[in-house]
Amino acid sequence: MEIDIEKKCKSRLETTFMGVKLQNPVMTGSGCFAFGLEYMDYFNPNKLGAIITKGLTLEMRKGNNGIRIAETPAGILNSVGLENPGIDYFEKHILPEMNKYLNIPIVGNINGKFIEEYVELTKRLDKIEKIKILELNISCPNVKDGGMAFGANPEIARKVTGEVRKVTKKPLMVKLSPNVTNIVEIAKIAESEGADGISMINTLLGMSIDVKTRKAVLGNIYGGLSGPAVKPIALRMIHQVSQTVSIPILGMGGISNTEDAIEFFLAGASAISLGTAFFPNPMVALEVIEGLEEYCKNEKLNNISEIIGYAHSDNGIDYRKKLKLRK
């Protein structure tokens, strides 16, 4: 049953994220909600704050071979391999449907094997009015650099962010990989190269082994771990990064309910996105939106933004002041 929350959202959950007005700060993680149209049998996606598209590449990708999803005790491992129809198909067949049915901001997720591909795809998405924010996924392997992820090397992260920044005036959000030694360093580089926001965290590298076959479960051997197991790591990283940058953070990683979402705001997130939680509970986003509204009411908050970074030693006063100044 669909929850009627439209009027409630306008009072306490309205927010501005990277200069874009949202009716609430709840989004969908890239890759977990496709293009926003596939869940319409469950609920109206226009109730969300924004939708982040499936990761797009210049060319169509079939993704990895073999088993691509494996359950773990507290989450899932995936090695989908950025399967997507490519930008040409997206523009010709999917975008018209999104224009027809979706009236909330759309975030375009960008991927590439080379910096030049990131730049070219950014130019294509920059021309699409429907897309209000760009999310730069720098967790992809840089083929020219021997397969090392863009986000794992500070200098490569600097270069790809800077080159993409040059070709778009849309708000640019950089999605950080947690598979690094110092995520704070990468976040500060993204900010210095012109990123308007940061999304974190992407999945953690993991593995599952079948004891009967004595082989890796996933066809690609290693996969990205998401779900409740990664939440404490995501909270720690957001808490660290939000004390060193002055741009907003989209928090993600194991959010399954309202309490989880509140923890992310307290750690320093300005908005949150849901991913793995959609698989067991397609209605989870609406439940979280309604839960956040109730939390604001019970805590006598005028807006959910009042608790951003409250878990910092100064109750988040300094960080919220920086965010306010950037608006």
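Restricting attention to region 151-191 and to residues that are free of Cβ contacts under 8 Å to residues at least 24 places away in the same chain and under 20 Å from Ile238 (Cα atoms), the residue that is surrounded by the fewest Cβ atoms within 10 Å (Cβ to Cβ) turns out to be Thr181. Can you say whether Ala311 is open to solvent by less than 10 Å² (accessible area, probe 1.4 Å), under 24 Å from Lys175 (Cβ atoms) and assigned to a loop (DSSP other than H, G, I, E, B), as far as the supplied structure shows? In short, no.
Figure legend. Inter-residue proximity from region 18-30: first residues closer than 15 Å to Phe264 by Cβ, second residues open to solvent by 10 Å² or more (accessible area, probe 1.4 Å) and among the hydroxyl-bearing types (Ser, Thr, Tyr), beta-carbon distance below 6 Å, spacing 6+ or different chains. Indicated pairs: Pro25/Thr15.
Residue count for region 314-327 under the criterion of being outside any helix (DSSP H, G or I) and within 16 Å of Thr15 (Cβ to Cβ): the result is 2. Pairs linking a residue in region 54-73 that is touching a residue at least 60 places away in the same chain (Cβ under 8 Å) to a residue that is surrounded by 19 or more Cβ atoms within 10 Å (Cβ to Cβ) and among the aromatic types (Phe, Trp, Tyr), with Cβ atoms under 9 Å and 6 or more positions apart or on different chains, are Leu56/Phe90.
Can you report the number of residues in region 111-127 which are hydrophobic (A, V, I, L, M, F, W, C) and either without any contact (Cβ under 8 Å) to a residue 12 or more places away in the chain or open to solvent by less than 10 Å² (accessible area, probe 1.4 Å) (or both)?
The qualifying residues number 2.
Residues of region 270-286 that are touching a Ser or Thr at 6+ places or on another chain (Cβ under 8 Å) and either touching a residue at least 60 places away in the same chain (Cβ under 8 Å) or among the β-branched types (Val, Ile, Thr) (or both): Ser270, Ala271, Ser273, Leu274, Gly275, Thr276, Phe278, Val284, Ala285.
I'm trying to understand the selection: among the residues of region 200-220, which are farther than 21 Å from Thr28 by Cβ and either in contact (Cβ under 8 Å) with a residue 60 or more places away in the chain or not in a loop (DSSP other than H, G, I, E, B) (or both)?
Leu205, Gly206, Met207, Ser208, Ile209, Asp210, Lys215, Ala216, Val217, Leu218, Gly219, Asn220
Where residues in region 89-107 are open to solvent by 40 Å² or more (accessible area, probe 1.4 Å) and without any contact (Cβ under 8 Å) to a residue 60 or more places away in the chain, which of them is nearest to Thr276 (Cα to Cα)? Selected residue: Asn103.
Per-residue answers, yes or no, for (1) open to solvent by less than 50 Å² (accessible area, probe 1.4 Å); (2) of a type in the set (Gly, Ala, Ser); (3) under 19 Å from Gly219 (Cβ atoms):
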site: Gly29; (1), (2), (3): yes, yes, no
site: Phe35; (1), (2), (3): yes, no, no
site: Thr53; (1), (2), (3): yes, no, no
site: Leu56; (1), (2), (3): yes, no, no
site: Arg61; (1), (2), (3): yes, no, yes
site: Ile76; (1), (2), (3): yes, no, yes
site: Ile87; (1), (2), (3): yes, no, no
site: Asn109; (1), (2), (3): yes, no, no
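For residues that are of a type in the set (A, V, I, L, M) and open to solvent by 10 Å² or more (accessible area, probe 1.4 Å), scanning just region 238-276, find the one that is nearest to Val80 (Cα to Cα). Taking the candidates together, the pick is Met252.
The values are calculated or read from the model by the stated rules, or taken from the named source; none is laboratory data. Just so it is clear, the structure is predicted and the values come from calculations on it, not from any experiment. Using ideal geometry, Cβ is built from the backbone for each residue, glycine included, and neighbour counts are taken over all protein chains shown. All accessible areas refer to the heavy atoms of the entire protein, side chains included, with ligands and DNA or RNA removed. Shrake-Rupley method; radii C 1.70, N 1.55, O 1.52, S 1.80 Å.
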